[in-house]
There are 6 protein chains.
Amino acid sequence: MLDTASASWEDVSAAISKGLIAVLPVGAVEQHGAHLPLLTDTVLASGVARRIAEGCDGLLLPAIAYGDAWTAEDWAGTLSLSPDTIRATITDIGRGLQRMGVKGLITVNGHFGNREPINLAARALSEAGFPVLHLDYPRLEALAAELMESEPAGPGFYHADEVETSMMLALAPETVRMERAAPEYPEFPELFGAEPMKLSAFNRSGVFGDPRPATAQKGEELIGGIAAESLRLIGLWTKKHGI
Amino acid sequence: MLDTASASWEDVSAAISKGLIAVLPVGAVEQHGAHLPLLTDTVLASGVARRIAEGCDGLLLPAIAYGDAWTAEDWAGTLSLSPDTIRATITDIGRGLQRMGVKGLITVNGHFGNREPINLAARALSEAGFPVLHLDYPRLEALAAELMESEPAGPGFYHADEVETSMMLALAPETVRMERAAPEYPEFPELFGAEPMKLSAFNRSGVFGDPRPATAQKGEELIGGIAAESLRLIGLWTKKHGI
Amino acid sequence: MLDTASASWEDVSAAISKGLIAVLPVGAVEQHGAHLPLLTDTVLASGVARRIAEGCDGLLLPAIAYGDAWTAEDWAGTLSLSPDTIRATITDIGRGLQRMGVKGLITVNGHFGNREPINLAARALSEAGFPVLHLDYPRLEALAAELMESEPAGPGFYHADEVETSMMLALAPETVRMERAAPEYPEFPELFGAEPMKLSAFNRSGVFGDPRPATAQKGEELIGGIAAESLRLIGLWTKKHGI
Amino acid sequence: MLDTASASWEDVSAAISKGLIAVLPVGAVEQHGAHLPLLTDTVLASGVARRIAEGCDGLLLPAIAYGDAWTAEDWAGTLSLSPDTIRATITDIGRGLQRMGVKGLITVNGHFGNREPINLAARALSEAGFPVLHLDYPRLEALAAELMESEPAGPGFYHADEVETSMMLALAPETVRMERAAPEYPEFPELFGAEPMKLSAFNRSGVFGDPRPATAQKGEELIGGIAAESLRLIGLWTKKHGI
Amino acid sequence: MLDTASASWEDVSAAISKGLIAVLPVGAVEQHGAHLPLLTDTVLASGVARRIAEGCDGLLLPAIAYGDAWTAEDWAGTLSLSPDTIRATITDIGRGLQRMGVKGLITVNGHFGNREPINLAARALSEAGFPVLHLDYPRLEALAAELMESEPAGPGFYHADEVETSMMLALAPETVRMERAAPEYPEFPELFGAEPMKLSAFNRSGVFGDPRPATAQKGEELIGGIAAESLRLIGLWTKKHGI
Amino acid sequence: MLDTASASWEDVSAAISKGLIAVLPVGAVEQHGAHLPLLTDTVLASGVARRIAEGCDGLLLPAIAYGDAWTAEDWAGTLSLSPDTIRATITDIGRGLQRMGVKGLITVNGHFGNREPINLAARALSEAGFPVLHLDYPRLEALAAELMESEPAGPGFYHADEVETSMMLALAPETVRMERAAPEYPEFPELFGAEPMKLSAFNRSGVFGDPRPATAQKGEELIGGIAAESLRLIGLWTKKHGI
């Protein structure tokens, strides 16, 4: 694995000549309750991306640390890029990778709001002949069902809960303040998903679910499971594209 | 100081009610010779920004890790955002800060190519009533003249040289491979600056100057000097804008 | 109900003075197998929208007849607007409605690929103070499970199958050629959804599922069920926004 | 003739292999006095386009139902797309046609305000090697002079008058309320055409001219004449481009 | 009259306090046959604009010297701005005038291809509360019919002919080479105006009509007549807007 | 030398066949104190560009008369194009030159604020294979130090001072009102250059320095020196690019 935080251009040049793929974490600066830091999604995406880059001997890129967190903007500290800016950022990076001879890009996304701009950037890059695999913590739902003690606040909805808190305890325990962890199971309005709605309309603490049963061990297992499934998909993808 | 890597929304909310400014590092993924990592400019800008945020009790934001490194694109590993993307990114972040009640933004730029897009974003934000101070390592030229043993490759041109290597030795010594450090003093073509020109047209190694005399101690002094001057300017700026 | 195909400006003017909402169908020009016309999604969205406009005494707008059908572009006759064009179209229409004093907009979307551009337009309009309810055939999944004889090709994936064919038999039977209807249950590749992929990569006929058991009666029940649920949501929405 | 409202992808695929051109109506949602519906221009453009598609055995596309009706925005019910959105819509559609192997595009425009965005889209498509013929009811002025009893409100200015009302009586008589038809011959200000000016500045009813002598027979003759001249031009155009 | 070529900011400041309008010529760099320079349209628009600025005591702005001359691009020396660039240029200038307190803008356009982008800029500025009068040599057709000896190549089509050559003889005689003046009356294809078509498709010399009877005296009378009619319209316009 | 103000398309066509470069002045409409006209920068850039075009037998283009003068907007008469508009203008012109077979473009910039948009346009054109040399009065600083009697207001900062006034006395003496010339040596705030700041924040008259010692003779020498250095650079540039 190469990491832009330590690799030089000579290292990358040598790896490209042997065939290299890049791994790009995409996160967010978004409220995550009282017990998790604003940068949670970026920390998690970066941690999972590192695991993936190690597994596929890829080039780990620095995270796009900001995402589209419009739904959480009523909580202080949340900062968003517009979807157009996110799309442009990923497209610019992808073009640069293609230009320098990297074989493909894997995005590791840690924030729901980034999915569509990532997909659109991937489509544009793919149409220009550059393969992009966009991963959103594959198999997370199954892993969470298997490993968590608490229920999620909604199907596939993990935010500042046992899932994310466990992963943070595994990756950046010094930034988790479990003493502040408290559950909130908001009632989702019937119009949720059918009109633009900020989450503060029905949630107070920023927590969705119950973070209290979180442990580093669970987090490690989640990350390991996600990384394993990611690497399996990467195997299919590299084979398909002859990378 | 608050850091999005550790602060929660409640922390930021409390700080905003007392008056808060944000500090945003802007870096690059760019070749820095054989002995420094691609992420050098981002690491340096983040390190200096942290020092500044500590000094002014600000909110340290995660770095924009990519910059406009068009001139270095011929070296593997260099990745650029277009100037428009950088401008949009900073404008989006500034608007978010203004919306949440932060009093102003300080950008800490570690890469020459980012200057103009930062300035344009600052102008737009400023016209919308949000103060932006854009710092480019103030007083670096004087500090370098005073502290360095080697000559710069050109006036105010510090790239993978004694200056940057010293700062990296102070901030991320484990990523510096001094055994690979070698000088290169390229001859700048007369047309340099008068037409679009990639640096690979007249430089081979990616080093501009002589990194060999670099030490962590010098780096620490450079960073301290830059931070001190930055804080002095911030004092003028907050006073002027009544922050 | 007012329909732009028959109402004059005086009719709309009078209705606005009493409080009016608009209903906008959004469809697609996209292959729908050998037995359904290219315009299927537009016909369906328009038919459902008419039922909804009748139910809420709204202003039925003409359909945006083109959508983002990128995934089906390999079949002849499929035509796409870019997501940006769709977003701009809906934003322009919404601004016009707001300007003239209409109280809100309900989009009735008949094509998966339009969801995200509709959502982004809705967000922009909503931030400008204009309520938008974006409906995607609410409760269709439950209705299909209850009313259909065949299995869908995938969860929530209804394309040229018993669901869509039944609805077309209810709304435009003269355009349905049941003699050509044939099933295809493609195997979805594991990478589906994880990279940009055209559906022709794993489907030949353009049918996903089995259209043969389709009947107009089933179609009528589907449409009735969708319209009823839509009207229930509209009731919540108008109440919430004081429309 | 193929119509997207009834043709399947297989039909279009077969026709493309033999050489196919597409016909695209472009209309508007715009006030047309008390006796004609808002959708008049779209209905007319669609009706004429159908006649043309029949005559040239083309592929009839669904209308772009919205146009640039800025000058009529003061009347309720008028809805505009910006010129940029119209241009983008036509460009997207043209690119899709070119990609799938259609030989050229004929636009049939029913609204003055759409002319320039259509022309600009046509220019872009044409520069990319895709022929576009943009028709604006050719020979209408001569036909109107020959067939109408009333005078137009201005040279070449037909809006909710005998011309348009006759054509609507021919195409959609059930939407025409002749009992409300009343003449208005506004005085055009001298500054009309020399500054941005909404028509409500000098017209009250939305009618320009006298719709009362309108008959379906006249409408049929107008449509027939326009279609005949259109087909003559199409003959020249297909010959010129070797279609 | 004030002219930016001689007036200082103090002069403009004083005039603004008494009420000032600005006059902006818009021209083109476009072939004008063998006997007229490429800059003809800009010279003419500037000359007419000067006459108008004198007549209304306005602020004469420097010309936008480039226009949209796409149709003439096959002749060497022709240079175009895209319509979007022209629109942006005029919008930027208008916003600046509005900001500084100028009461309105008069555009004096000398090139057909600029009309639509000027109109769109005027619309945007007007919607923002800034009056714009866009003049295209008003009454030129009547004046030409009255004063010229030769026939125009088409109705209202004056290009490198007796009209433009006379005006150039009046304004910049040193740049006219009458010895090279030769007539060309091309046959306009029937598809002209119905598809994107460059003029070189049916014209060789770049002249449309017969420049040989041109005289400075005629040019002076044309310019005087255009200016007089312009000032009459300006009188209506300033009165209407209370300027 | 060819000048679009006098050359016909035939002249340009003949020159292109022998190899031609174009020279484009870029100026500004900006306050220049009480004694110089608003158009100073455009007049100067045009004058220098003419000298350069003569020296290299180039095609002199008409000036882009407007620049980005945001910092001077508080003085009446100053008008700005946005940086994006300037960039688009130059890019459009460059593309046109490339299309017609001109070998390269030399921009002669007379206004600081235009540098970055010119550079970005040059980069885009250069990436598309069209060489651009962007000159900003090369060697001016050395010439000023040698020839001027007064000190500049800041290093490399020449605005309405002895330098610009001398050049105007050489190029357009009839527009210079020396009787109004008065010095102002403002104190530059420490934050100048570190935040968006209009010059009116610390300057009253619009003059930076002392225009009183200006003479036409000095202006002539400055222009001659700039032109000579420009031609030297052009020699290097044409040789490098095989022009």
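Okay, residues lined up against (1) farther than 20 Å from E:Pro117 by Cβ; (2) acidic (Asp, Glu); (3) under 15 Å from the mean Cα position of the chain (by Cα):
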site	(1), (2), (3)
E:Pro25	no, no, yes
E:Ser46	no, no, yes
E:Ala49	no, no, yes
E:Glu54	yes, yes, no
E:Leu60	yes, no, yes
E:Ala63	no, no, yes
E:Ala69	no, no, yes
E:Glu73	no, yes, no
If we keep only residues of segment C:1-49 that are farther than 12 Å from D:Ala5 by Cα, assigned to a helix (DSSP H, G or I) and of a type in the set (Val, Ile, Thr), then the residue farthest from the other protein chains (Cβ to nearest Cβ) is C:Val48
Count of residues meeting criterion [buried (at least 18 other Cβ atoms within 10 Å of the Cβ), under 19 Å from D:Asp68 (Cα atoms) and not hydrophobic (A, V, I, L, M, F, W, C)] in segment D:133-164: 6
Single unsatisfied condition, D:Ala227 versus (1) over 17 Å from D:Gly33 (Cβ atoms); (2) surrounded by 15 or more Cβ atoms within 10 Å (Cβ to Cβ); (3) touching a Leu at 6+ places or on another chain (Cβ under 9 Å): (3)
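Would you mind stating whether C:Arg204 is in a loop (DSSP other than H, G, I, E, B), more than 14 Å from chain A (Cβ to nearest Cβ) and free of Cβ contacts under 8 Å to residues at least 60 places away in the same chain? Let's see the steps before the verdict.
Numbers: in a loop (DSSP other than H, G, I, E, B): yes; more than 14 Å from chain A (Cβ to nearest Cβ): yes; free of Cβ contacts under 8 Å to residues at least 60 places away in the same chain: yes.
The answer is yes for C:Arg204.
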On the given criteria, is E:Ser230 over 16 Å from E:Arg51 (Cα atoms) and of a type in the set (Gly, Ala, Ser)? no
Quick one: what pairs do we get from segment C:137-162, first residue within 14 Å of another protein chain (Cβ to nearest Cβ), second of a type in the set (A, V, I, L, M) and part of a loop (DSSP other than H, G, I, E, B), C-beta under 8 Å, 6+ apart or different chains? C:Pro138/A:Ala194; C:His159/C:Ala153; C:His159/C:Val207; C:Ala160/C:Leu36; C:Ala160/C:Val207
Of the residues F:Leu169, F:Leu191, only one is surrounded by 14 or more Cβ atoms within 10 Å (Cβ to Cβ) and over 15 Å from F:Pro211 (Cβ atoms); which? F:Leu191
Within segment C:116-132, take every residue that is within 14 Å of the chain's Cα centre (by Cα) and either within 14 Å of C:Trp237 (Cβ to Cβ) or crowded, with 20+ Cβ neighbours inside 10 Å (or both) and give me the one that is farthest from the other protein chains (Cβ to nearest Cβ). C:Ile118
Here the residues within segment E:79-115 that are within 30 Å of E:Ser205 (Cα to Cα), buried (at least 24 other Cβ atoms within 10 Å of the Cβ) and at the interface with chain F (Cβ under 8 Å from one of its Cβ atoms) are E:Leu79, E:Ser80, E:Leu81, E:Thr85
Does segment C:220-240 contain at least one residue that is assigned to a loop (DSSP other than H, G, I, E, B), touching a helix residue (DSSP H, G or I) at 6+ places or on another chain (Cβ under 9 Å) and charged (D, E, K, R)? no
Please find, within segment D:182-201, the residue that is farthest from C:Trp9 (Cα to Cα) out of those that are among the charged types (D, E, K, R) and within 13 Å of another protein chain (Cβ to nearest Cβ). D:Glu190
Note on segment F:64-74: residues buried (at least 24 other Cβ atoms within 10 Å of the Cβ) and facing another protein chain (nearest Cβ under 7 Å) are F:Ala65, F:Tyr66
Of all residues making up segment E:207-243, the number that are closer than 29 Å to E:Phe130 by Cβ and either touching a strand residue (DSSP E or B) at 6+ places or on another chain (Cβ under 9 Å) or within 12 Å of chain D (Cβ to nearest Cβ) (or both): 14
Filter result for the condition that a residue is in contact (Cβ under 8 Å) with a residue 40 or more places away in the chain and in a loop (DSSP other than H, G, I, E, B), over E:Pro186, E:Pro213: E:Pro213
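Looking at C:Ala160, is it modelled with pLDDT of 95 or more and touching a Lys or Arg at 6+ places or on another chain (Cβ under 8 Å)?
Against the criterion (modelled with pLDDT of 95 or more and touching a Lys or Arg at 6+ places or on another chain (Cβ under 8 Å)), C:Ala160 does not qualify.
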Restricting attention to helices (runs of 4 or more DSSP H) lying wholly within segment B:58-177, give those where 1 or more residues are more than 26 Å from A:Val12 (Cβ to Cβ). B:83-100, B:115-127, B:140-147
May I ask you to verify whether A:Glu174 is acidic (Asp, Glu) and free of Cβ contacts under 8 Å to residues at least 12 places away in the same chain? yes
Could you tell me whether any residue of segment F:51-60 is more than 25 Å from F:Gly235 (Cβ to Cβ) and within 13 Å of chain E (Cβ to nearest Cβ)? no
Against the condition within 25 Å of C:His241 (Cα to Cα) and at pLDDT 95 or above, how does C:Ala69 come out, does it pass? no
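The values are calculated or read from the model by the stated rules, or taken from the named source; none is laboratory data. Predicted model, so just to flag it, every value in this text is computed and none were measured. Every residue, glycine among them, receives a Cβ derived from its backbone with ideal geometry; neighbour counts consider all protein chains shown.
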